[in-house]
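Notes for the one structure printed next.
The values are calculated or read from the model by the stated rules, or taken from the named source; none is laboratory data. Remember, predicted model here, so these are calculated numbers, not experimental data. Glycine gets a Cβ as well: all are built from the backbone with ideal geometry, and neighbour counts include every protein chain shown.
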There are 2 protein chains.
Amino acid sequence: MENFLEELKLRKEKVDEALNSYFRSVQIPRSSGIHELKESIEYSLLRGGKRFRPALCLLLAEAFAVHPKRVMPLACAVEMIHTYSLIHDDLPCMDNDDFRRGEPTNHKVYGEATALLAGDGLLTEAFRCLSEGYEKEPELGLKLVMLLSSAAGLVGMVGGQAMDLKAQKEKISLQELNLMHALKTGALIRICVEGSAVACGLLPDKIELCRNFGQQLGLAFQIKDDLLDSMETKIELGSFPGILGLEETQKYLEEVTQSAQNLLKKLSAEKSLLKDLVEYNLHRKI
Amino acid sequence: MENFLEELKLRKEKVDEALNSYFRSVQIPRSSGIHELKESIEYSLLRGGKRFRPALCLLLAEAFAVHPKRVMPLACAVEMIHTYSLIHDDLPCMDNDDFRRGEPTNHKVYGEATALLAGDGLLTEAFRCLSEGYEKEPELGLKLVMLLSSAAGLVGMVGGQAMDLKAQKEKISLQELNLMHALKTGALIRICVEGSAVACGLLPDKIELCRNFGQQLGLAFQIKDDLLDSMETKIELGSFPGILGLEETQKYLEEVTQSAQNLLKKLSAEKSLLKDLVEYNLHRKI
């Protein structure tokens, strides 16, 4: 597990470099209020984060012996969308969080209006990043725009957040909880795997297997997050332990983990770092 | 002028139909909280609005004898981005408006959290709309993603909104005011013209002229808006009449209008409805 975390860190550094370079190249007109907006974007995007999603893109490419730079624009775009969703989630009208990763949230530092715009800007820049990164391969580029906008939109992440708003007010079923997570957090994780598979030029049947693997991986991460949360605080009603109980949730996690490993075998990727990633999730303590 | 308004209405109806059809085709999972989100999106997108931006796309295509359906996905995407910006602008942390077009604003009906998500969802769906609409012409599609994301992003609309936040707190120069409007409202109007020119397959030198025409048109609309505002209420400091005075602002409007008309001549489009649009702006009372 420590070896894997070391490997993850190496990918995180590459992603950090690419994200830094993207925003360094954005030319801001002199003496404008845009500097503060850019600063607030960089505050949330460039300082922290495990970079789990972009690293997943890189690991997928490596598992199929493709150079990671091939998936880098996708990796950066996904991280921008993930970061925008965190900034908006933290706003007073949503979760009203003052701290994230031990630091004041974006709106606590820059004010609500700028934080709102920082999120809007990041979401928009994600698509500019894709369109520039794949400019020379427009068919691939447009396909990735379609996959990413679907995963992040109304029947994706944003839809999942709307389901979550409802789930905080009323009891939901296991089926609805599964759907909510599949959209809210699962879709973006799935698109890392599926989109990278497309970018790496895998054949359609392999892309389909990758898509399924991405789905199982996203679900496994969510179940584990719910388990870890329920150790720390009381078990929330609208969580897997709240609906299934702790023991059944642990079993569910093991099943989904096994299913993910089986998909990796079918992909002949059972010796890649993706396998270690699935293992890591099963045993992680944070 | 009345004839032109009648023509504008015909284009508006086509755009309304296309936007309706786009959201009808979005399949929402049963029994989820996504229905309310979709409803809130439709509340802001499908009921009102002059559809000025999408109509401009259609008029550009017509001026070059291209079928309007060629620019329709771009027209819809621009309107989605315009609408998301209005929803977010109305939020309490921004302008805190309770009414728009005589109806309660989105967050007044659906709450702030849902309104925030409705804006995020619309922005994301704009890019899905582009990627689906131009799926069979990926080179064009990806180019439009690049143009639209640039016009709407950090060095576009969102950046202009950030400048506006600053302008509300401190005095700005005419140069800064011009830049603010060029980004905040101008970029999206410009992209209607430039993007449609690209979609219509015009040659590079004509695209460049269209881009300039779009810029002048956006500026002319903003100057006129400022003039109309200053008739209604007191003259705001950070407006064209506030900096130039009423008389000079009227002259400025006439100059910019003339410049737009000259560009139309260079484009051999001086007999198109685009000419009437420029005229209409000069004389409109609302």
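Does the range B:22-35 contain at least one residue that is more than 21 Å from B:R190 (Cα to Cα), surrounded by 15 or more Cβ atoms within 10 Å (Cβ to Cβ) and at pLDDT 95 or above?
Taking every residue of the range B:22-35 in turn, at least one turns out to be more than 21 Å from B:R190 (Cα to Cα), surrounded by 15 or more Cβ atoms within 10 Å (Cβ to Cβ) and at pLDDT 95 or above.
Of all residues in the range A:55-83 being away from every other protein chain (no Cβ under 14 Å), assigned to a helix (DSSP H, G or I) and not aliphatic (A, V, I, L, M), which is surrounded by the most Cβ atoms within 10 Å (Cβ to Cβ)?
A:C57
In this structure, does A:E270 turn out to be in a loop (DSSP other than H, G, I, E, B) and more than 22 Å from A:L179 (Cα to Cα)?
Yes: the conditions hold for A:E270.
How many of the residues making up the range B:135-145 are buried (at least 24 other Cβ atoms within 10 Å of the Cβ) and at the interface with chain A (Cβ under 8 Å from one of its Cβ atoms)?
Count: 3.
Taking the range B:4-37 only, how many residues are part of a helix (DSSP H, G or I) and without any contact (Cβ under 8 Å) to a residue 40 or more places away in the chain?
So the answer is 12.
Identify, by number, the condition in (1) at pLDDT 95 or above; (2) at positive phi; (3) more than 9 Å from every other protein chain (Cβ to nearest Cβ) that B:G102 doesn't meet.
That leaves (1) as the condition not met.
Can you find even one residue in the range B:173-186 that is more than 17 Å from the chain's Cα centre (by Cα), part of a loop (DSSP other than H, G, I, E, B) and facing another protein chain (nearest Cβ under 9 Å)?
Yes, because at least one residue in the range B:173-186 is more than 17 Å from the chain's Cα centre (by Cα), part of a loop (DSSP other than H, G, I, E, B) and facing another protein chain (nearest Cβ under 9 Å).
When the residues of the range B:84-112 are narrowed to those that are free of Cβ contacts under 8 Å to residues at least 40 places away in the same chain and either of a type in the set (D, E) or part of a helix (DSSP H, G or I) (or both), which ends up surrounded by the fewest Cβ atoms within 10 Å (Cβ to Cβ)?
This residue is B:D98.
The conditions are (1) at the interface with chain B (Cβ under 7 Å from one of its Cβ atoms); (2) under 21 Å from B:M94 (Cα atoms); (3) not aliphatic (A, V, I, L, M), and A:D97 fails exactly one of them. Which is it?
(1)
Looking only at residues in the range B:158-172 that are buried (at least 16 other Cβ atoms within 10 Å of the Cβ) and more than 8 Å from every other protein chain (Cβ to nearest Cβ), which one is nearest to B:A220 (Cα to Cα)?
My answer is B:G160.
Name every residue in the range B:226-241 that is assigned to a helix (DSSP H, G or I) and more than 13 Å from B:M180 (Cβ to Cβ), in order of residue number.
Hits for the range B:226-241 are B:L227, B:L228, B:D229, B:S230, B:M231, B:E232, B:P241.
Give the residue, chosen from A:L154, A:L122, A:L116, A:L148, that is in contact with a Leu (Cβ under 8 Å, 6 or more places away or on another chain), at the interface with chain B (Cβ under 9 Å from one of its Cβ atoms), crowded, with 24+ Cβ neighbours inside 10 Å and in a loop (DSSP other than H, G, I, E, B).
Result of the check over A:L154, A:L122, A:L116, A:L148: A:L154.
Filter the range A:38-54 down to the residues that are surrounded by 18 or more Cβ atoms within 10 Å (Cβ to Cβ) and part of a loop (DSSP other than H, G, I, E, B) and list them by number.
Residues satisfying the conditions are A:G49, A:R51.
Just to be sure before I move on: is A:E208 part of a helix (DSSP H, G or I), at pLDDT below 95 and surrounded by fewer than 24 Cβ atoms within 10 Å (Cβ to Cβ) in the structure I sent?
Here the answer is no, as A:E208 does not meet what is asked.
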